[in-house]
Amino acid sequence: MFFLSQGIMAVIAIPIIPLPFSFYLPGLGIYWNSWRTLLLVYSTPSLLAAVWLFFMQESPKYVFVKGHEEESIDIIKTIHSWNNWKPAEDFQIKSLTLDALDEPTSIKDQIVPLFKAPLLKYTVIMTTLCLLQLITAFGVWLPTIVNQFMQIVETGVGTDRSLCSIISDSVEVPVDPDVAPCALNVSSLLLVLSMGALRSFLNILLSLVVNRVGYRNMAICFTVVCGVSGIMVNLIPNAYASVVFFMIFMTGALVTGMYVALTVALFPTHLRALAVALTSTGGSIGMLASVPILNRLLEVNCSAGFYTFSSIFLSSAFIAAFLPNDSCLLKKKLEQIEKNTKDEKLTQCT
């Protein structure tokens with residue numbers, strides 16, 4: 001749904017943006033028009049989510065760790081009641097216990113192990129991988145690129161140009177005073193929806209096969225394919241081929257989920273939440289720093305922008321190769337579970 005959301009936003013804009021109304025609000029000193037209405041519509045789901053979250057239960061484990069066992073038990077009974085459509089009293093639970101590794105620890109006890117052997121290697125690698133995941137910065141330019149491409153498709157002029165040549169038109173062409181304000185190309189917005197649907201479908205498809213090959217191996221293959229596609233974008237003087245390679249390049253954003261899954265697999269339970277937060281922070285810093293740099297490069301030297309960012313993303317495949325093969329770890333866990341099950345059955349027979 002996350003990857004599909006940008007396409008959904010594009011579809012929502014189709015009926016709202018062309019609306020011609022404009023009302024002056026003297027109290028605010030602004031004109032209320034279609035694009036302000038669109039922003040209001042985009043904000044509504046967040047407000048609804050806030051109300052929804054207000055009625056959700058707190059994590060029973062969190063409440064129990066804070067010393068409120070009775071409240072934690074009530075939460076568990078409520079969740080059980082909603083899940084099974086039965087009265088809460090039917091779930092007979094009297095007390096709770098914590099596993100040894102899940103006992104509350106101080107912040108220091110959670111942070112220090114991440115920067116000591118043997119976890120230091122994984123902390124550095126996963127943070128670096130998230131930092132080099134710079135494809136999100138190109139999402140800012142996606143509507144502009146798609147709009148310029150649809151103009152080429154509709155007019156048939158400029159099909160022998162590379163993607164950077166298409167982008168340069170959007171930067172250099174002066175504003176046409178005859179074009180209606182907030183005009184939009186419906187076909188380009190539908191193409192944005194198609195791209196979001198493609199990434200969503202591909203994400204589902206990958207989830208069906210990832211357990212066979214492992215997240216690390218899948219991430220390596222994905223970054224190689226997408227990184228090479230980003231380099232190929234401007235090596236082919238054909239608008240259609242350039243956009244195809246660009247769409248493949250943009251699907252590289254799917255590795256974010258693979259990196260989170262790798263982090264969960266590599267770190268022990270009591271350090272997992274902080275490890276995910278730390279590595280995700282690296283990704284956020286990389287995205288915030290890369291957007292203004294990419295904007296400048298695409299305006300001044302577009303080809304250098306694609307070659308640089310694609311090469312950086314491609315290099316993450318080499319870094320990921322230093323991680324253990326999680327498919328082997330999963331296989332060992334399954335073998336251990338199978339062995340324990342056999343031992344348990346043997347004990348029961350004895």
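Numbers at a glance
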{"read-out": "Residues of region 231-253 classified as small (Gly, Ala, Ser) and more than 19 Å from the chain's Cα centre (by Cα), total", "value": "3"}
{"read-out": "Test result for ILE107, of a type in the set (A, V, I, L, M) and loosely packed, with under 11 Cβ neighbours inside 10 Å", "value": "yes"}
{"read-out": "Helices (runs of 4 or more DSSP H) wholly inside region 111-181 containing at least 1 residues that are modelled with pLDDT under 85, in contact with an Asp or Glu (Cβ under 8 Å, 6 or more places away or on another chain) and crowded, with 17+ Cβ neighbours inside 10 Å", "value": "142-155"}
{"read-out": "Selection status of MET232, of a type outside the set (Gly, Ala, Ser) and open to solvent by less than 50 Å² (accessible area, probe 1.4 Å)", "value": "no"}
{"read-out": "Members of region 1-26 found to be open to solvent by 80 Å² or more (accessible area, probe 1.4 Å) and not in a helix (DSSP H, G or I), listed by number", "value": "MET1, PRO20, PHE23, TYR24, PRO26"}
{"read-out": "Hey, PRO237 surrounded by fewer than 19 Cβ atoms within 10 Å (Cβ to Cβ) and closer than 28 Å to TRP141 by Cβ or not", "value": "yes"}
{"read-out": "Any hit, region 33-42, residues being modelled with pLDDT of 90 or more and open to solvent by 80 Å² or more (accessible area, probe 1.4 Å)", "value": "yes"}
{"read-out": "Condition met for ILE30 (out of contact with any Pro (no Cβ under 7 Å at 6 or more places or on another chain) and in contact (Cβ under 8 Å) with a residue 60 or more places away in the chain)", "value": "no"}
{"read-out": "Some residue of region 53-74 being under 30 Å from LEU205 (Cβ atoms) and within 22 Å of the chain's Cα centre (by Cα)", "value": "no"}
{"read-out": "So ALA265, is it more than 17 Å from the chain's Cα centre (by Cα) and in a helix (DSSP H, G or I)", "value": "yes"}
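The values are calculated or read from the model by the stated rules, or taken from the named source; none is laboratory data. Note that the structure is a prediction, hence the values are computed from the model and not measured. Don't worry about glycine lacking a Cβ; one is built from the backbone with ideal geometry, like all the others, and counts go over all protein chains shown. Each accessible area value is taken on the protein alone, full model and side chains, heavy atoms only, with ligands, DNA and RNA left out. Shrake-Rupley method; radii C 1.70, N 1.55, O 1.52, S 1.80 Å.
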